Amino acid sequence: MIRNQTTIKQVTHRTIRAFKERTLTTDELEMIKEVASQTATSMFMQQTSILHITDRSKRDKIRQITNQEYVGKNGDLFIFIADLYRNQQIRQQLGKDDGRLHKTDIFMQAMQDTVLRVQNVVNAVESMDLGAVILGSINNDPFALLDVLELPPLTYPILGLQVGQADQQPQLKPRLPIEFTFFENTYQRQVDVKQMSDYDQLVQTYYDLRAANRRIDSFTKQITSQKLNCHKTKRDDLWRAIQSQGLCRD
């Protein structure tokens with residue numbers, strides 16, 4: 001198996017949720033900006049932007065939305081945005097209409113660009129011996145988030161990212177065995193939950209630092225838990241929030 005400095009960092013990735021009381025240095029921040037800007041982009045449309053949230057009030061409000069006390073507490077907080085607004089302005093100022101900018105296809109391209117940018121930045125952060133946590137929880141209340149961020153039309157916040165100097169050493173969280181997630185040519189439709197028993201036992205030995213060092217449920221119990229049961233949450237407003245920004249109107 002090929003091992004180098006990069007792949008070792010990747011296969012030993014740990015999510016960090018506790019950061020020391022320091023912000024990024026100028027050099028660290030500039031490297032993050034450069035790495036983000038060089039991330040692959042669909043059709044060279046470059047339909048993504050980043051908000052660096054340094055305003056304490058905004059950080060507090062985002063923390064309330066996520067319902068995660070570590071969000072915005074220490075380290076640096078970034079919001080990664082699918083951004084079609086910039087290209088709309090270019091088209092309009094050059095005498096063109098919005099074209100396909102309101103189509104789901106174009107939003108999906110922007111979202112993919114944005115997610116790639118997040119992972120690229122995480123790789124860079126970890127290469128600098130810093131830690132990171134990706135924050136899907138920013139969309140726990142989509143309309144509240146849009147209000148906090150004061151975003152223009154044709155933009156939407158996809159993920160948050162908090163980075164900084166790690167102040168914890170979490171365990172390596174066990175992932176599904178490769179045979180359940182990697183297939184050659186044809187998707188393997190036969191899923192036998194009994195074959196996941198060993199993995200379930202492994203997961204149950206993992207301590208999740210978000211729950212005060214308590215062990216977590218097995219993987220299959222998590223999949224059959226309230227997480228995926230039918231229940232109303234503010235995340236159900238995601239589609240309406242996206243469309244309220246003029247996106248996915250087809």
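Quick note: the coordinates plus some simple rules give every number you see, no bench work behind them. Everything numeric in this text was worked out from a predicted model, so none of it was measured. Note that each Cβ is placed from the backbone with ideal geometry, even for glycine, and that neighbours are counted across all protein chains shown.
Loop-located chymotrypsin sites (Phe, Trp or Tyr not before Pro) in the stretch 21-100 (DSSP state other than H, G, I, E, B) with a sparse environment of at most 16 neighbouring Cβ atoms within 10 Å are absent. The chymotrypsin sites (Phe, Trp or Tyr not before Pro) of the stretch 185-250 that meet both conditions, a loop assignment by DSSP and at most 15 other Cβ atoms within 10 Å of the site Cβ, are TYR187, TYR206.
Can you sort MET111, MET1 so the residue with the fewest Cβ neighbours within 10 Å comes first? Lowest to highest Cβ neighbour count: MET1, MET111. A Förster distance of 22 Å, applied to the separation of the beta-carbon atoms of ARG214 and LEU176, puts the FRET efficiency at 0.50. Taken along the Cα-to-beta-carbon direction at a fixed 7 Å, the label points for GLN46 and ASP167 span 3.7 nm.
Can you figure out the FRET efficiency of GLN92 with TRP239, using R₀ = 25 Å and their beta-carbon distance, to the nearest 0.05? So the FRET efficiency works out to roughly 0.45. Electrostatic bookkeeping for ALA144 treats Lys and Arg as +1 and Asp and Glu as -1; over the other residues with beta carbon under 11 Å from its beta carbon, the sum is -1. Under the combined filter of DSSP loop state and at most 14 neighbouring Cβ atoms within 10 Å, the stretch 151-249 retains these trypsin sites (Lys or Arg not before Pro): ARG175, ARG189, LYS227, LYS232, ARG249.
One decimal place: the segment GLN201-ARG249 gains 12.7 nm when fully extended, by the rule 0.36 nm per residue minus the C-alpha distance. Shown here are the Rg and Dmax of the Cα trace of the stretch 5-170, at 16.4, 55 Å.
Between ILE223 and ASP27, what FRET efficiency follows from the Cβ-Cβ distance if R0 is 35 Å, with the result rounded to 0.05?
For ILE223 and ASP27, the calculated efficiency is 0.25.
For the chain, a Gaussian network of Cα nodes joined below 10 Å ranks ASN229, ASN67, ASN139 by mean-square fluctuation, and the top entry is ASN229. Here each label is just a point 7 Å from Cα along the line to Cβ, and for ASP105 and LYS232 those points are 3.7 nm apart.
Across GLU184, GLU150, GLU69, mean-square fluctuation computed from a Gaussian network of the chain (C-alpha pairs under 10 Å connected) peaks at GLU184. Distance between the pseudo-spin-label points of GLN188 and GLU34 (7 Å out from Cα toward the beta carbon): 4.3 nm. Of all the options VAL121, VAL148, VAL133, the one that moves most in a Gaussian network model of the chain with Cα springs shorter than 10 angstrom is VAL148.
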